[in-house]
Amino acid sequence: MKNLKRRSFIKRTLQTSASLLAAPTILPASVWNSKKYTLPNDKINLAFIGVGGMGTGHLRSFIGYDDVNILAVCDVRKEHRDNAKAIVDSKYGNQDCTTYNDFRELLARKDIDAVVQAMPDHWHVLTGIEASNQGKAIYYEKPMSYTVREAQVLRDVITRNNTIFQLGTQQRSDERFRFAVEVVRNKRLGELKRIVVGSASYGAVPAQPEEKIPAGLDYEMWLGPAPYAPYTSLRCTRNWTLIRDYSLGCLSGAWGIHHIDIAQWAMDADNSGPIEVEGTGTIPNEGLYDTFQTFEVEHSYANGAKLLHIDHTTARHKIKQFDVRSSMGILFEGTEGWIYVARGYIDAYPKSILQTVIGPNEIKMPVSNDHRRNFLDAVRTGNNPICPVGPGVKSEIVCQQADIAIRMGRKLNWDNEKEEFIGEPEANKMLSGAMRSPWHL
């Protein structure tokens, strides 16, 4: 944000205009992005797009930071935005929080510094592009995108605009995951041979009858670029993550990208990824959900290491001999031991690995113990947060590779420079997808 021409101009103007310095208005924090400007109202003006369950969770967390001022919320469901407004207004003791149905109206505001985005996956890229083009920093709920092509376009826009961007893969800000990555990167396990990632799985539900669209829901806007489908309440709840028109399901947005991101981090693959992929999976024969319910995918890296991405039911059997407490974690196996990490849990063999001290001259990961605070600090300093757009795209590609390889039913080779499959035109067509008019990249 510090390099945006508009804000640089404002900064220069402030240096020469005493009248502006005396103005009581709450100006965007980006105006004061130089250390020599510190005023009592030096707060980051924040807005939220998507304030359902996940978005409201972010809202309740961000509102607790003293240097944040929440100005606006946006959601296509009136009850969501009214609830979010009530939370904000109660916190500040006023009625100043503005609500929007259309994200474009919110993003057009010049007084907003940053936005938190938490919508269904098929909306991520369109709102991300608009936010970047409007000069906003972005805290971006995972996953990156609905397709590889979308992720690539967003990366180009973010890079061109020099936008501060934090992907919501918050495990990078967890000390257990960071420790496991440092153990791997410093070869405390010897040579890394295999990574096993256990992701979520789900149960099928029957096909749902069409229902009347409830008052207060802009269903056309909820669908947006996705194909038209009759309204049913289960389609528009958290269950949309299991419907292929909106998400890759457990392979990515519903869970997988969290652990894939850590695996990539441990492999020092933030700028690369696997070179081969093959896998199998099952989709319910009928019902509302049509993403992969069970799956077993193997990714191969150029250094010979394997990444096995499986649903947690299958993982329970695959890692049974390690006697770990959770099947929804990450197992790193090396020639001299293993380490297993999940949320709130870590184990290793030999146990001495858990006492590892990484020396000052060894490889250390950036330290963040608060993913949201890390984002806010990046907005203030102009430095990259712990999970910027580049690594986010590469992790998303791994998830997309898995989905495509299962559907193709054979091993596929990947070119990390061109970001496409080698000699596979049919598979490469699946790297992009159509958007319903009038929406487009």
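For the range 292-349, state which trypsin sites (Lys or Arg not before Pro) are in a DSSP loop and have at most 16 other beta carbons lying within 10 Å of their beta carbon. Sparse-neighbourhood loop trypsin sites (Lys or Arg not before Pro): 325, 343. Among rounded, prolate and oblate, which fits the range 279-358 when a ≥ b ≥ c are the square roots of the eigenvalues of its C-alpha gyration tensor, a/c under 1.5 means rounded, and a/b larger than b/c means prolate? Since a/c reaches 1.5 and a/b is larger than b/c, the shape of the range 279-358 is classed as prolate.
When Rg/Rh (Cα atoms, Kirkwood Rh) is computed from the coordinates, the matching label among (1) 1.04; (2) 0.98; (3) 0.95 is (2).
When the trypsin sites (Lys or Arg not before Pro) in the range 191-223 are filtered for DSSP coil states and for at most 16 other beta-carbon atoms within 10 Å of their beta-carbon, the remaining sites are 212.
Karplus-based coupling profile of the range 310-319, in residue order and whole Hz: 9, 5, 5, 5, 5, 4, 4, 7, 5, 10, with θ = phi - 60° in 6.51 cos²θ - 1.76 cosθ + 1.60 and x standing for Gly or Pro. Per-residue Karplus couplings for the range 356-361, computed as 6.51 cos²θ - 1.76 cosθ + 1.60 with θ equal to phi - 60°, are listed in order as 4, 10, 7, x, x, 9 Hz, Gly and Pro entered as x.
Cross-link partners of residue 212 among aspartates and glutamates, defined as those whose alpha carbon lies under 19 angstrom from its own and excluding same-chain residues fewer than eight positions apart: 79, 220. Amide H contacts for residue 414 (H built 1.01 Å from N in the peptide plane; partners 5 or more residues away or on another chain; cut-off under 5 Å): 276, 422. Length available on full extension from residue 90 to residue 362: 0.36 nm per residue minus the Cα-Cα distance, which gives 93.1 nm. Amide H contacts of residue 48 (H built 1.01 Å from N, in plane; Pro and chain starts excluded): 72, 73, 74, 116 sit under 5 Å, all sequence-distant by 5 or more or on other chains. Longest stretch of the chain clear of exposed loop sites (GluC sites (Glu not before Pro), DSSP loop, at most 13 other Cβ atoms within 10 Å, sites excluded): 1-190. Of 82, 415, 66, which has the largest mean-square fluctuation in a 10 Å C-alpha GNM of the chain? Top of the fluctuation ranking is 66. Among the trypsin sites (Lys or Arg not before Pro) found in the range 67-158, those both in a DSSP coil and sparsely packed, with 14 or fewer other Cβ atoms within 10 Å of their Cβ, are 110. Between 0 and 90 degrees, the angle of helix 124-133 with respect to the longest Cα principal axis of the chain falls at about 40 degrees. For the chain, adding -39500 (n - 2.57) for each run of n ≥ 4 DSSP H residues and dividing by the number of residues yields -9500 deg cm²/dmol at 222 nm. Derived scalar couplings between HN and Hα for the range 417-425 equal 6, 7, 6, 7, 6, 8, x, 10, x Hz in order, rounded to whole Hz, by the Karplus curve 6.51 cos²θ - 1.76 cosθ + 1.60 (θ = phi - 60°), x for Gly and Pro.
Take the cross-link list 306/394; 306/351; 320/364; 187/411 and give me the ones stretching past 22 Å between alpha-carbons.
From 306/394; 306/351; 320/364; 187/411, over 22 Å: 306/351; 320/364; 187/411.
Show which aspartates and glutamates lie in cross-link reach of residue 429 when reach means a straight Cα distance below 18 angstrom and same-chain residues fewer than eight apart are skipped. Reachable aspartates and glutamates: 150, 245, 276, 278, 396, 403, 415, 417, 419, 420. When the chain is treated as a Gaussian network with alpha carbon springs shorter than 10 Å, the biggest mean-square fluctuation among 254, 204, 342 belongs to 204. Highest mobility in the GNM of the chain, judged by mean-square fluctuation with C-alpha springs under 10 Å and restricted to 287, 198, 55, is found for 287.
The lysines whose alpha-carbon is closer than 26 Å to the alpha-carbon of residue 43, local same-chain residues fewer than 8 away aside, are 2, 5, 11, 35, 85, 91, 110, 136, 142.
At q = 0.08, 0.09, 0.13, 0.19 Å⁻¹, what base-10 log of I(q)/I(0) does the Debye formula yield for the range 267-410 when every alpha carbon is treated as an equal point scatterer in vacuo? The Cα Debye sum returns log10 ratios of -0.30, -0.39, -0.81, -1.37.
Residues whose amide H lies under 5 Å from that of residue 68, counting only those 5 or more places away or on a different chain, are 44; hydrogens are built 1.01 Å from N in the peptide plane. FRET efficiency for the residue 420 to residue 78 pair, using the beta carbon distance and R₀ = 56 Å, is estimated at 0.85. Working from label points 7 Å from Cα in the Cα-to-Cβ sense, the residue 156 to residue 282 distance is 4.1 nm.
Bear in mind that the values in this text are calculations on the coordinates, not laboratory data. Owing to the predicted nature of the structure, the values given are computational and were not obtained by experimental measurement. Cβ sites come from the backbone with ideal geometry, for glycine too, and all protein chains shown count toward neighbours.
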